[in-house]
Amino acid sequence: MDISLSELYEQMGYGETVPDEATVRETETILTQVKAFLKPRFCFFVQRELPNFSIGKIIERQLKGAEAYALFICTAGIEYEEYQKRLKEEGDMVRVFIADALGSVIAEKTADCMEKTLQESIDKLGWHHTNRFSPGYCGWHVSQQQLLFPLFKGETCGVCLTESSLMLPIKSVSGIIGLGKNVKHLDYTCGLCDFEQCYKRKQRLRKSAQ
């Protein structure tokens, strides 16, 4: 998945600095352990009509001009979820912290792989794709997961929803992507979004402060 240590340290909150030697050692240990069992997964399907979601004005603008829509689910996998549970039971909070950050990176990297596969499938049409948008971001309420998941008709690569719309395994990503000849994939522009806890926003703020 081409996960770099710098990306992981960024997710852990270190910015562009390297953590202390003990944390580096623990991080490398976890990466070695995870490689032995990690099975990330993704699934997507394409349909012509925009589902009846309340996605909000921000996402509506970004999807404008789309000729079709890809609905997707990506996950670090149940194996990774079980690994995190074992770490919590062992009570090693340093490893729990590192594994939590790594799980987020894995989920996003899996979504990147999904986007690449999606683009390959539409190249023959001369189509492009927009950024991916997920419930819980950019004004699209997380409860809309309850409308998104049934569209997969049970084929959700092992991901399920709780009544509160939390995905399990937790390190999962779902959402929608616009497809067509006249759509664009843009750099993430934090000015479009009001979600203060977004990790991409935090990255930009750290870089601008340096």
Handout entry: Accessible-area ranking of Tyr83, Tyr137, largest first, probe 1.4 Å
Key = Tyr137, Tyr83
Handout entry: Relative contact order (%) - criterion: Cα under 8 Å, at least six apart; region: region 32-123
Key = 36 percent
Problem - Heavy-atom surface of region 84-130, accessible at 1.4 Å and reported per residue (Å²) - result: 52 Å²
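Take the Cβ-Cβ distance between Leu186 and Leu166 as r, set R0 to 30 Å, and report the resulting FRET efficiency rounded to the nearest 0.05.
Details: r = 29 Å, r/R0 = 0.95.
Efficiency at R0 = 30 Å is approximately 0.55.
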Practice task
For the chain, set up a Gaussian network in which alpha carbons nearer than 10 Å are linked by springs, and say which option among Thr110, Thr17, Thr75 fluctuates the most.
Solution key: Thr17
Completion exercise
Sorting Val183, Phe72, Val24 by the position of each Cα along the dipole of the chain (Lys, Arg +1; Asp, Glu -1; all at Cβ), the one nearest the positive end of that ordering is Val183
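Contour minus end-to-end for Arg86 and Gln146, with contour as 0.36 nm per residue of separation and end-to-end as the Cα-Cα distance? Write out the running numbers ahead of the final one.
Working: separation 60, 0.36 × 60 = 21.60 nm, distance 2.93 nm.
Here the answer is 18.7 nm.
Under the 0.36 nm per residue contour assumption, what length would be gained going from the current alpha-carbon distance of Ala36 and Tyr14 to full extension?
Working: separation 22, 0.36 × 22 = 7.92 nm, distance 2.62 nm.
Stretched out fully, the Ala36 to Tyr14 stretch lengthens by 5.3 nm.
Dividing the alpha-carbon Rg of the chain by 2.2 N^0.38 Å yields what? Please list the in-between numbers first.
Values: Rg = 17.8 Å, N = 210, 2.2 N^0.38 = 16.8 Å.
Relative to the rule-of-thumb radius for its length, the chain sits at 1.06.
What number, rounded to the nearest 500 deg cm²/dmol, is the helix-based mean residue ellipticity at 222 nm of the chain, given -39500 (n - 2.57) per DSSP H run of at least four residues and division by all its residues? Please list the in-between numbers first.
On the way: 7 runs with 88 residues, N = 210.
Counting only the DSSP helices, I get -13000 deg cm²/dmol.
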Handout entry: Surface share of carbon and sulfur [accessible, 1.4 angstrom probe, percent] for region 1-77
Key = 49 percent
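List the relative contact order of the chain as a percent without decimals, with contacts defined as Cα pairs under 8 Å and 6+ residues apart. All intermediate terms of the calculation are to be shown ahead of the outcome.
Values: 303 pairs, mean separation 60.5, N = 210.
Computed value for the chain: 29 percent relative contact order.
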Handout entry: Anisotropy class of region 54-94 from Cα gyration tensor, a/c 1.5 cut
Key = prolate
Practice task
Considering Cα pairs under 8 angstrom that are at least six residues apart, work out the relative contact order of region 1-85 and quote it in whole percent.
Solution key: 32 percent
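The values are calculated or read from the model by the stated rules, or taken from the named source; none is laboratory data. Just so it is clear, the model here is predicted, and its values are computed rather than measured. All Cβ positions, even for glycine, are placed from backbone atoms using ideal geometry, and neighbour counts span all protein chains on display. Accessible surface is based on the protein model in full, side chains and every heavy atom, while ligands, DNA and RNA are left aside. Shrake-Rupley method; radii C 1.70, N 1.55, O 1.52, S 1.80 Å.
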